[in-house]
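Notes to accompany the following structure.
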Amino acid sequence: MHGDRYLKDARGLTIPDGSWPSGREAPGALELVRRFCNTTNPETGAELLRTSAELERWLAVEAGVRSTATDADLAAVHALRAAIRALAVANQEAGGRELAAAAFDAAVGDRAASVRLLPEPGLEPHGSPVDAFLVRIAALVYAAHLDGTWRRLKACGHCHWVVYDHSRNASSTWCSRLACGSRVKARAWQQRKRAAGTSVTSSP
């Protein structure tokens, strides 16, 4: 498990706290997108948004959205989250971006918003509060593409936990060097050791 800051979903499966790991938070409002992606743990199958009631609680606590949610809302949230994670994976791995972008466009669908300058510049989403949240998340992804920060929101090369790459040349690979980085290096060392042993054994 990742470090010692973790939660359990309703089935007892583990998932890191949304703030984990320290120092890998995204700047500004993009952090909400990162935490949204990390409401599920691809490594263990943990899911914090398994039911509409769980979605309602998460939206209230993490996004300040108080609304009832339907099964259709839950499906829409899952679809957008999966598309954004796929885009984050594409930031780490070669290929896959076109399919991820198409999935993102489909998940956003025809949800609409109006541009407003008063009382402050921003979007005024139409539809239900859950629709408004989805528009808000999509707008944050769009803004990150415009300001260049999006390419640094990455899925870990091992567990696909989403983190922000603060390295100077945007070359970070793992969620944490102490977690997945250490595990991958240990596995590679064991494989080299086994290969060396096989080579020695098979020598005449």
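Some values worked out for this structure:
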{"read-out": "GNM result for the chain, Cα springs below 10 Å: residue of G96, G18, G157 fluctuating most strongly", "value": "G96"}
{"read-out": "Cβ-based exposure ranking for K8, K154, in which fewest neighbours within 10 Å come first", "value": "K8, K154"}
{"read-out": "Cleavage-rule hits, trypsin sites (Lys or Arg not before Pro), region 39-73, DSSP coil, Cβ neighbours within 10 Å at most 11", "value": "R66"}
{"read-out": "The chain: calculated mean residue ellipticity at 222 nm from DSSP helix runs of at least 4, using -39500 (n - 2.57)", "value": "-15000 deg cm²/dmol"}
{"read-out": "Separation between Cα centres of region 102-131 and region 1-70, rounded to whole Å", "value": "22 Å"}
{"read-out": "Using alpha-carbon coordinates, inclination of helix 71-92 to the longest axis of the chain, degrees", "value": "50 degrees"}
{"read-out": "Quotient of Cα Rg and 2.2 N^0.38 Å for the chain, N being how many residues it contains", "value": "1.18"}
{"read-out": "Fewest-first ranking of E56, E31, E93, E120, using other Cβ atoms within 10 Å as the exposure measure", "value": "E120, E93, E31, E56"}
{"read-out": "Neighbour-count order for L49, L80, L32, fewest beta carbons within 10 angstrom listed first", "value": "L32, L49, L80"}
{"read-out": "Angle in degrees between helix 182-202 and the longest Cα principal axis of the chain, rounded to the nearest 10", "value": "30 degrees"}
{"read-out": "Helix 97-108 vs. the chain, principal-axis angle (Cα, 0 to 90°, nearest 10)", "value": "30 degrees"}
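Laboratory data are not the source of any read-out in this text; all were calculated from the coordinates shown. Quick caveat: nothing in here was measured; it's all calculated off a predicted structure. When we count neighbours, we look across all protein chains shown, and the Cβ atoms used for this are built from the backbone with ideal geometry, even at glycine.
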